Amino acid sequence: MRPLRFLTATLACTALTALATGCGSHTAASARVGGTPAEPSTAPTSQLTGLTAQQISDKAENALKHASSLTITLESKGNGKTSGTMRMDRVGHCDNRLSMGAQGSFHMIKSDGQVLMQPDQAMITAMGVPAAARKRLAGKWLNLTSSADMKDLAKFCDLNAFLKEVATDDNETDIAKSGTATMGGVPTVVLKGRDTDGSLMYLYVAATGTPYPLKIARPTGKDAGTALFSGYDDPVTVQAPPKDQIIGVSQLTS
C-alpha cells in the first residue's frame, strides 16, 4: 500500500539509523544527526582511559546491544527537519512521537502485540491516503499489525529488530578520540569520524559506569542535527487507545 511504503521510506531516511554507534560507519553515516560538540573537558576518563577509539566504539556498541530499553531524542536541523522521541523495550512496548516538518507528525505505539499509528492531518495527506478516507482516519489510530507493508515500519517499535538493523560493526579505522566532555553531569569520551561524504560526526560515550553511547552529533551540512540516548533499562509504559478509535489499513481503500 503506497501510504505505508511512503512512510517507511521516509523514516528509513531519517530516524532509523540514528542509533548507530560506530563513528564513520555506514550506519552512523546515514543517521542524519549532528550538532556542535561540547567543549572538551580535562576530567579523567576512568575505565576508558588507555583504550583506542575503535575499542571505545566497540564497547559502546556492545553496551547498546545489551540494553533492555532505550529512549532516543532526535533533532535534525537539515533538510529533513525531523524531531521527536522514541521509547522502546525488548518485551513488546514502544511509544514514539515524531515530527517531520511540513510532512506532519505521528504517534506510534506497540502494546499487546499491536502496532498502532496516529498521524496528524498533514501526515495523512503526505502518506497519500485517498481523499475519501482522510476524514475516516482523522484522529484515529491505524492498525499496522496485519499489513504486509508494516514490516520495516514495525522496527521502530521493536528494540530487538531496531538494534539488529542499525547496530552493525564495520570495524572502521577512521575513528579518533576528540577529548572529553560532560553531559548532564556524566563524563564522556568524545570520538570523531567522517561520513562517507566527508562530513564530520561525533560520538559521546559514557566514561563511568556502563559505556553507553549518549549522543551522536553532526555539526553541519544538509543532515545536521543531534540524537541523544537515555532511559537505558527504564520501563516503557504504553496507554492503548479504545478499540473504537482503531481502524484497519483496509478501511483506507474500501
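Read-outs: derived from the displayed coordinates by stated rules, not from any lab. Keep in mind the model is a prediction, meaning the values are calculated, not measured.
Residues whose amide H comes within less than 5 Å of that of THR226, counting only those at least five positions distant or on another chain, are GLY34, GLU75, SER76, LYS77 (H built at 1.01 Å from N in the peptide plane). Residue-wise HN-Hα couplings along the stretch 119-135, as the Karplus relation 6.51 cos²θ - 1.76 cosθ + 1.60 with θ = phi - 60° gives them from phi, are x, 7, 5, 5, 5, 4, 5, 5, 6, x, 5, x, 3, 5, 9, 4, 5 Hz; Gly and Pro carry x.
In order along the stretch 94-102, the phi-based Karplus estimate (6.51 cos²θ - 1.76 cosθ + 1.60, θ = phi - 60°) of 3J(HN,Hα) comes to 8, 8, 10, 10, 10, 10, 10, x, 5 Hz; Gly and Pro are listed as x. For the stretch 186-254 versus the stretch 61-137, the spacing of their alpha-carbon centroids is 12 Å.
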